[in-house]
Each structure stands twice: as C-alpha cells, then as structure tokens.
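Trainee: Before I ask anything, let me first share the structure, which is written out below as structure tokens.
The values are calculated or read from the model by the stated rules, or taken from the named source; none is laboratory data. Treat the numbers as computed from the prediction; the structure is a model and nothing was measured. Positions of Cβ are generated from backbone atoms using ideal geometry, with glycine treated the same way; all protein chains shown enter the neighbour counts.
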C-alpha cells in the first residue's frame with residue numbers, strides 16, 4: 001500500500017452517528033467529510049491505550065462493521081458519500097421545518 005496516496009474507505013453510519021457528525025459539521029461550519037475524516041483519524045491515531053472506548057469488545061464490533069462494509073463494497077452495494085450527505089441534509093431540513 002502506497003502511504004503517499006490517500007485511500008478510500010466506505011463506512012456504514014448509524015442514523016445517530018450521521019446526525020451527530022452533521023451537527024458537529026454545522027457547529028464548526030465545516031464540511032461533513034472534513035469532520036468525519038478528522039474524527040476517524042483522531043480515533044485511529046490515538047495513543048491513549050487506556051481509552052475505554054478501545055476495549056477488545058469494541059474493537060471486535062469495529063472490525064465486524066469494517067468487514068461488512070468491505071463485503072458490501074465488493075458486492076457493489078455502495079453509494080457516493082456526497083449523495084448520502086445531501087440526503088441527510090435534506091432530511092434534516094425537512095425535520096427542522098416540521099418542528100417549526
């Protein structure tokens with residue numbers, strides 16, 4: 001793997017995680033992709049070995065999710081992230097409009 005060339009990874013997000021990332025992006029006035037990438041990098045590159053979020057059970061859940069995502073990608077079950085983000089934004093607009 002060439003460490004100089006960025007790789008693409010497709011992840012499935014729960015609706016709650018997608019909503020949280022969107023809220024973070026809006027609060028920071030940044031793109032959802034930037035916030036998601038920074039959050040992922042921060043978690044992966046964390047040097048804190050005592051972090052309870054990275055217990056073995058959590059790692060197994062993460063690995064299972066990544067395996068499932070890879071299988072989906074191999075089977076052609078994927079969508080462009082920009083389309084998904086736009087759908088989330090539209091749904092959020094509708095939700096906010098309905099609450100008014």
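Trainee: Would you confirm, using the coordinates I've provided, whether residue 100 is modelled with pLDDT under 70 and under 17 Å from the mean Cα position of the chain (by Cα)?
Mentor: Numbers: modelled with pLDDT under 70: yes; under 17 Å from the mean Cα position of the chain (by Cα): no.
Taking the combined requirement at face value, the residue does not satisfy it.
Trainee: Here's another thing I want to ask about it. Name every residue in the range 1-23 that is at pLDDT 85 or above and more than 22 Å from residue 78 (Cα to Cα), in order of residue number.
Mentor: Answer for the range 1-23, where residues must be at pLDDT 85 or above and more than 22 Å from residue 78 (Cα to Cα): just 23.
Trainee: Just the residues that are at pLDDT below 80 and surrounded by 12 or more Cβ atoms within 10 Å (Cβ to Cβ), please, taken from the range 24-77.
Mentor: Hits for the range 24-77 are 43, 54, 58, 62.
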